[in-house]
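Novice: Dumping the structure here so I can ask a few things about it.
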Amino acid sequence: MPRLPRLARAATAALALGLIAAAPATGHEPLVTESRIVAHFGLAAGQTPENIALERDGSADLTFAFARQVAHVTADGKTRDGRVRILATLPAVAKAETPLVHSAAVTGIVRTHDGTLYVNYATGTHETGIWRIPGAGGAPVRIAELPSNGLPNGLALDEHHGMLYAADSALGTIWRVPLPGGKATAWAQGTELRPLQVPPGSGYGANGIKVHRDAVWVSNSDRGTLLRFPLRPDGSAGPVETRATGLAGIDDFAFPGQGSSVLAALNSSSQVVLVHRDGTHTVVLTRKNGLSNPTSVAVLGRTLYLPSGAFVTRKDPNLLLARMRYVFGRL
C-alpha cells in the first residue's frame with residue numbers, strides 16, 4: 001500500500017497480473033476485456049480499498065485502509081449494483097504512528113472456507129497484528145501480535161496447513177501465524193525482502209503475498225521483484241527464487257490458474273500487467289480503463305476484481321471488474 005501524498009514521498013504499489021491462456025491470443029486480441037467500475041468509494045471517508053477477498057457468490061470483501069473498515073461489496077461480474085455494507089471496524093488507536101503511513105491502517109485480508117475473515121491491522125502500537133472477523137460481520141478479535149515498528153501489508157492463507165503469512169513492508173519479513181492464533185514467527189527474512197532506504201526508495205519492501213503450489217510468493221515494491229520461497233516438508237522456507245524483475249512499485253497479485261504466470265498491477269502507473277512464467281510482462285489494463293492506483297487483484301473464473309486505492313491520484317477509489325478472454329491452464 002502507498003503512503004499518503006502528504007508525506008515526504010508517496011509510496012508506489014503495483015498489481016502484477018499473471019495469465020496463462022489455454023488458447024493463444026493473436027496480436028489483435030486483448031487478453032482482458034469488458035472492464036467496468038462496479039463501485040465508487042468515498043475518499044474523504046477513508047474508503048481507500050487496499051486488499052480483497054472473494055465470497056463464493058462472487059461478491060467481494062474489501063479492506064478500507066484508513067477508514068479502518070472491512071466492507072462487503074455486491075459485485076459478481078453480472079450486476080453493476082455495487083452495494084456496500086460495512087462488516088467491521090477495527091478499534092481506534094490513540095496516537096497511532098504506523099511506519100511509513102503514520103496512521104492506523106487495515107491492509108491484507110483473506111477468507112477461509114467457512115467465511116471467517118482475517119485482516120492485518122497496522123497501528124504503530126501493541127494493537128498491530130492479525131485480527132479475526134466473523135464472516136457475517138461483528139467484533140474483530142486480535143489473534144496474533146506483530147511488531148509495532150513494522151507494517152504488516154499483504155496477508156496469505158494456507159488453509160490446508162492451518163497457517164497465515166503476513167508480508168511486513170517496513171521490516172522486510174514474512175511472518176507466519178497459526179490459523180487459530182498464537183505467537184508470530186519470522187518465517188523468512190533477507191535482502192530480497194527488505195525495502196530500499198528513503199531516498200531513493202519508498203521504504204516499502206515485501207508487500208503482496210500468496211501461497212501457491214507448495215510455495216509462498218511475495219512482491220517487493222521498492223525492488224520491483226516477484227519472489228518465490230518453496231515450502232519445505234517441515235514447513236520452513238526454502239531458498240528464495242527471483243521470478244520476475246522490472247515491476248516498479250508492485251503491490252499485491254493473484255494467480256488466475258494453476259501455473260506460474262501471475263496477474264499483478266503497477267500502482268504508481270495505474271497499470272495491471274500479465275507476468276509470464278519467463279519473467280517478462282505485458283500490460284493488460286491501464287488508467288484509461290478506470291484504474292486509479294490499483295492495490296490488489298482477485299480472480300474468480302474468468303472475472304478479475306481490481307480495487308483501486310487512489311492513494312496518489314486522490315481521484316476515484318473504486319472496484320473495477322474485467323473479463324479474461326481465455327480459460328487459463330497450468331503454464
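The values are calculated or read from the model by the stated rules, or taken from the named source; none is laboratory data. Just so you know, these numbers come straight off a predicted model, no measurement behind them. Here the Cβ is made from the backbone with ideal geometry for all residues, glycine too, and neighbour counts use every protein chain on show.
Novice: Out of (1) under 21 Å from Ala206 (Cβ atoms); (2) crowded, with 22+ Cβ neighbours inside 10 Å, what's the single condition that is false for Ile143?
Specialist: Of the numbered conditions (1) under 21 Å from Ala206 (Cβ atoms); (2) crowded, with 22+ Cβ neighbours inside 10 Å, the odd one out for Ile143 is (2).
Novice: Next up: Specify which of the listed residues (Leu291, Leu306, Leu266) is at pLDDT below 95 and either of a type in the set (Asp, Glu) or under 19 Å from the mean Cα position of the chain (by Cα) (or both).
Specialist: Answer to the selection: Leu266.
Novice: Which number in (1) surrounded by 17 or more Cβ atoms within 10 Å (Cβ to Cβ); (2) part of a loop (DSSP other than H, G, I, E, B); (3) hydroxyl-bearing (Ser, Thr, Tyr) marks the one condition that Thr125 misses?
Specialist: Here Thr125 clears every test but (1).
Novice: Moving on. Being buried (at least 22 other Cβ atoms within 10 Å of the Cβ) and either assigned to a loop (DSSP other than H, G, I, E, B) or modelled with pLDDT under 95 (or both) is the filter here, so list the residues in the range 45-63 that pass it.
Specialist: Those that are buried (at least 22 other Cβ atoms within 10 Å of the Cβ) and either assigned to a loop (DSSP other than H, G, I, E, B) or modelled with pLDDT under 95 (or both): Gln47, Thr48.
Novice: When you look at Ala156, is it assigned to a strand (DSSP E or B), in contact (Cβ under 8 Å) with a residue 40 or more places away in the chain and touching a strand residue (DSSP E or B) at 6+ places or on another chain (Cβ under 7 Å), yes or no?
Specialist: Yes; evaluated as a whole, the condition is true for this residue.
Novice: State yes or no: is Pro200 over 19 Å from the mean Cα position of the chain (by Cα) and assigned to a loop (DSSP other than H, G, I, E, B)?
Specialist: yes
Novice: Something else about it: Val101 passes all but one of (1) surrounded by fewer than 24 Cβ atoms within 10 Å (Cβ to Cβ); (2) on the phi < 0 side of the Ramachandran plot; (3) not in a strand (DSSP E or B); which number fails?
Specialist: (1)
Novice: Same structure, new question: I need the full set of residues from the range 188-239 which are β-branched (Val, Ile, Thr) and touching a helix residue (DSSP H, G or I) at 6+ places or on another chain (Cβ under 9 Å), in order please.
Specialist: Keep residues of the range 188-239 that are β-branched (Val, Ile, Thr), which gives 191, 198, 209, 211, 216, 218, 225.
Val218, Thr225, listed by residue number.
Novice: Now, a different point. Only one of (1) touching a residue at least 24 places away in the same chain (Cβ under 8 Å); (2) over 21 Å from the mean Cα position of the chain (by Cα); (3) under 30 Å from Gly172 (Cβ atoms) is not met by Arg68, so which one is it?
Specialist: Single failed check for Arg68: (2).
Novice: Against the conditions (1) at pLDDT 95 or above; (2) among the hydroxyl-bearing types (Ser, Thr, Tyr); (3) surrounded by fewer than 23 Cβ atoms within 10 Å (Cβ to Cβ), where does Tyr326 fall short? Just the number, please.
Specialist: It fails just one condition, (1).
Novice: Sort out which residues of the range 159-196 are closer than 20 Å to Gly249 by Cα and among the small types (Gly, Ala, Ser), and write them in order of number. Give the derivation first.
Specialist: Keep residues of the range 159-196 that are closer than 20 Å to Gly249 by Cα, which gives 166-174, 189-196.
Residues satisfying the conditions are Ala166, Ala167, Ser169, Ala170, Gly172, Gly190.
Novice: Next question. Can you name the strands (runs of 3 or more DSSP E) wholly within the range 218-331 that have at least 1 residues being under 18 Å from Ile174 (Cβ atoms)?
Specialist: Answer list for the range 218-331: 225-230, 241-244, 250-254, 262-266.
Novice: Does Ala67 fit the bill of being more than 22 Å from Asn289 (Cα to Cα) and touching a Gly at 6+ places or on another chain (Cβ under 9 Å)?
Specialist: Answer is yes for this residue.
Novice: It is to be established whether one or more residues within the range 134-141 are without any contact (Cβ under 8 Å) to a residue 24 or more places away in the chain and part of a strand (DSSP E or B).
Specialist: Checked against the condition, which is being without any contact (Cβ under 8 Å) to a residue 24 or more places away in the chain and part of a strand (DSSP E or B), the range 134-141 yields at least one hit.
Novice: Next up: Restricting the search to the range 68-91, which residues are of a type outside the set (Val, Ile, Thr), in contact with a Phe, Trp or Tyr (Cβ under 9 Å, 6 or more places away or on another chain), at pLDDT 95 or above and surrounded by 15 or more Cβ atoms within 10 Å (Cβ to Cβ)?
Specialist: Arg68, Ala71, Ala88, Leu90
Novice: Here's a check for you: in the range 240-261, which residue that is touching a Phe, Trp or Tyr at 6+ places or on another chain (Cβ under 8 Å) and free of Cβ contacts under 8 Å to residues at least 60 places away in the same chain is surrounded by the fewest Cβ atoms within 10 Å (Cβ to Cβ)?
Specialist: Step by step, filter the range 240-261, then rank; the result is Glu241.
Novice: Would you pick out the residues in the range 128-139 that are of a type outside the set (A, V, I, L, M, F, W, C) and crowded, with 22+ Cβ neighbours inside 10 Å?
Specialist: Correct list: Thr128, Gly129.
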